[in-house]
């Protein structure tokens, strides 16, 4: 039986998740009801993909897969989260009197 390469899936799901997460903010400036439903589906699909990516990355690390792809998926998501959390802080520091 062929084994699943969890590192590659982790990286692919993180790229898809981040793309869906970002695209959910780009759909519309003033959404109507149909667009709000689409935004919700895209947003939560992105979050789900990123969560699955982290789980697959941890599983790849635990199974000691070869290569660096097992670290890339969770690292990209960590960078995204740090960017989201640090953006207001850095913006506030820029406009401090």
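What follows is calculated from the coordinates using simple rules that are stated; it is not laboratory data. Remember, predicted model here, so these are calculated numbers, not experimental data. Using ideal geometry, Cβ is built from the backbone for each residue, glycine included, and neighbour counts are taken over all protein chains shown.
With the helix formula -39500 (n - 2.57) applied to DSSP H stretches of n ≥ 4, the chain reaches a computed 222 nm mean residue ellipticity of -28000 deg cm²/dmol.
Highest mobility in the GNM of the chain, judged by mean-square fluctuation with C-alpha springs under 10 Å and restricted to 53, 23, 63, is found for 63. Relative intensity of the chain on a log10 scale, I(q)/I(0) at q = 0.14, 0.19, 0.22 Å⁻¹, equals -0.63, -0.88, -1.00, per a Debye sum over C-alpha point scatterers of equal strength in the absence of solvent.
Gaussian network model of the chain, Cα springs within a sub-10 Å range: biggest mean-square fluctuation belongs to which of 39, 81, 18? Taking springs between Cα atoms under 10 Å, the residue moving most is 81. Comparing 34, 17, 46 in a Gaussian network model of the chain, where Cα atoms under 10 Å apart are tied by springs, the biggest mean-square fluctuation is seen for 34.
For a paramagnetic label modelled on residue 22 (point 7 Å from Cα along Cα→Cβ), amide N atoms under 15 Å away belong, within the range 52-80, to 76-80.
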